[in-house]
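See structure below.
The values are calculated or read from the model by the stated rules, or taken from the named source; none is laboratory data. These numbers were taken from a predicted model, which means no experiment stands behind them. We place every Cβ from the backbone using ideal geometry, glycine too, and count neighbours over all the protein chains shown. Remember, those area values only see protein heavy atoms, side chains included, never the ligands or the DNA or RNA. Shrake-Rupley method; radii C 1.70, N 1.55, O 1.52, S 1.80 Å.
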Amino acid sequence: MARSLLSNEFNNIGTGNPMSGLDLSLSAMASYPYPYFPMLDNTSSTLILQFPEETRDPKRMRRTVSVADSVESNSSSSFYSGGSSSNSTDSSGMMSRNNSFSSLNSLQRLHFRDHLWTYTQKYLAAEGIEEEAASDEEMRNEEDGSANGMRLVQLLVACAEAVACRDKTHASALLSELRSSALVFGSSFQRVASCFVQGLADRLSLLQPLGAVGFVAPTMNIMDVASDKKEEALSLVYEICPHIQFGHFVANSSILEAFEGESNVHVVDLGMTLGLPHGHQWRRLIQSLATRAAKPPTRLRITGVGLCVDRFRVIGHELQEHAKDLGINLEFSVVESNLENLRPQDIKVQDGEVLVVNSILQLHCVVKESRGALNSVLQIIHELSPKVLVLVEQDSSHNGPFFLGRFMEALHYYSAIFDSLDAMLPKYDTRRAKMEQFYFAEEIKNIVSCEGPARVERHERVDQWRRRMSRAGFQAAPIKMIAHAKQWLGKTKVCDGYTVVEGKGCLVLGWKSKPIIAVSCWKC
């Protein structure tokens, strides 16, 4: 817009506009010998100088100078161009030819230069207007997006209330409206809303009609299915998000501290970090043990507990090869059992070895309404007398007794996660879509749509875990490595917004003050 305006102004000059005082078309300029201009043929030509608004006078100034007046002037002042003035001694006011040419040359240079300067100012002003218009449009878009976001929140809450009241008619109408607004490739809140819409729709399909009692259990527990897409999504979450890596880093630091000076050590890993391929956590631990100041342990045992036996054995074989290359004797074994059915005799502890238990995003799955399953697992761990139990869990309250409370907590928590993904990856990045739809969306749907034994994503805040662990006979072992953790976060080079804070001996990774992952250590 600014460039076209400037072009039009110069075109107007070339058409002989009487206000310009100059004919700057190439054909007209070619007909006059340099350095003359048509203005020389008219001694009463008018010179118009326009000054910008930034001058002392806020209004545009306008000066008219007659060539004859300038020629006949008796003053010795120069007129902007720096040309010299001469005193007139002839009563007729005639000057020598050379002096008149010098004065006129000064005027013509001034006139052309001033036009260039004036139109440059117009060009800059037009650019400023264009930028201001773009800024206003962006602000309007942000305001519209904020208004749409508020409307989306209202619809989600209203739909959740209708589902909680088992009002299928009203809930279905709201879901229909939500589906047109909650877009999988929209803003961060639109994307997280789409996941909650799926969960509400699933829950609605499982509800009994109004007046009936009970809740239809889902035919399949989504957490029992380890699809290729979910495995890929888990790997992407590990590589891109700092959540699991943060848990691994703090856990390994605490385990290394517990193993300091020990030669016979044993790690019991509950769940093997959801079966994450390649055993990333233990590769780093093995490297740290091989390079520690004291000599490496003569014997390292790792026991994986879970149902994915074949996958665990593949990981164990890879770890044994890695440990062998570093000169460490690694023994790997698998206990085929879920946590609820785990028995004390399943884990073999040998005399003289130092034991630690590692739980990465696992124990929340056995938190039930009766609390019996979790208490049973904690009792078994307590009987093993580990030197330390490392507990890594999502720091949010998704296990409340009321559906609406869980819904709002989950909406707040996962909105922060999707906001962080928005800052880390471009809008249409397929990796982000895979993480959101095949990992986080599965958690959201389980929280929103499932009840009873099928609801396994029962995340709780770190304060609640303190009470549970204390009742089970554990004592807190404060983690004193906040500076080290902040240094690690800086080295990972994730986007700005992630924070690490220490609270009551625990380390919490958060996104813009919203807690995401908490790590705590416990001893018997």
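Could you tell me which residue of the range 471-486 is farthest from E257 (Cα to Cα), considering only residues that are outside any helix (DSSP H, G or I) and in contact (Cβ under 8 Å) with a residue 60 or more places away in the chain? Filtering the range 471-486 for residues that are outside any helix (DSSP H, G or I) and in contact (Cβ under 8 Å) with a residue 60 or more places away in the chain, the one farthest from E257 (Cα to Cα) comes out as A472.
For first residues located in the range 313-336 and free of Cβ contacts under 8 Å to residues at least 24 places away in the same chain, partners that are buried (at least 17 other Cβ atoms within 10 Å of the Cβ) and lie 6+ apart or on another chain with Cβ distances below 7 Å form the pairs R313/V334; Q320/L330; Q320/F332.
Here is a yes/no grid of residues against (1) open to solvent by less than 20 Å² (accessible area, probe 1.4 Å); (2) at pLDDT 95 or above; (3) hydrophobic (A, V, I, L, M, F, W, C); (4) closer than 30 Å to F189 by Cα:
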site	(1), (2), (3), (4)
A476	no, yes, yes, no
I482	no, yes, yes, no
G510	yes, yes, no, yes
V519	yes, yes, yes, yes
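Applying the criterion of being open to solvent by 20 Å² or more (accessible area, probe 1.4 Å) and of a type in the set (S, T, Y) to the residues of the range 405-438, the residue that is nearest to the chain's Cα centre (by Cα) is S415.
Annotation: of all residues in the range 315-332 being under 26 Å from D228 (Cα atoms) and touching a helix residue (DSSP H, G or I) at 6+ places or on another chain (Cβ under 8 Å), the one that is surrounded by the most Cβ atoms within 10 Å (Cβ to Cβ) is I315. Checking each residue in the range 398-414 for being closer than 15 Å to R203 by Cβ, outside any loop (DSSP other than H, G, I, E, B) and of a type in the set (F, W, Y) picks out F403, F407.
Output yes when any residue across the range 389-401 is within 23 Å of G247 (Cβ to Cβ) and open to solvent by 60 Å² or more (accessible area, probe 1.4 Å), and no when none is.
no
Of note, V377 does not satisfy the criterion of being part of a loop (DSSP other than H, G, I, E, B), aliphatic (A, V, I, L, M), open to solvent by less than 30 Å² (accessible area, probe 1.4 Å) and under 25 Å from D346 (Cα atoms).
If you go through the range 171-181 one residue at a time, how many are open to solvent by 10 Å² or more (accessible area, probe 1.4 Å) and in contact (Cβ under 8 Å) with a residue 12 or more places away in the chain?
If we filter the range 171-181 for residues that are open to solvent by 10 Å² or more (accessible area, probe 1.4 Å), which is where we start, we get 172-174, 176-177, 179-181.
Filter once more, keeping what is in contact (Cβ under 8 Å) with a residue 12 or more places away in the chain: 172, 174, 177, 179, 181.
Count: 5.
Please verify whether A258 is surrounded by fewer than 21 Cβ atoms within 10 Å (Cβ to Cβ) and free of Cβ contacts under 8 Å to residues at least 24 places away in the same chain, treating the condition exactly as stated.
Here the answer is no, as A258 does not meet what is asked.
Going by what's in this entry, would V494 be described as β-branched (V, I, T) and modelled with pLDDT of 95 or more?
For V494, the condition - β-branched (V, I, T) and modelled with pLDDT of 95 or more - is not met.
Checked against the criterion of being part of a loop (DSSP other than H, G, I, E, B), open to solvent by less than 40 Å² (accessible area, probe 1.4 Å) and either hydroxyl-bearing (S, T, Y) or farther than 19 Å from F246 by Cβ (or both), the candidates V456, V448 yield just one match: V456. When the criteria are applied in full, H382 meets the requirement of being out of contact with any helix residue (DSSP H, G or I) (no Cβ under 6 Å at 6 or more places or on another chain), surrounded by 14 or more Cβ atoms within 10 Å (Cβ to Cβ) and farther than 22 Å from G316 by Cα.
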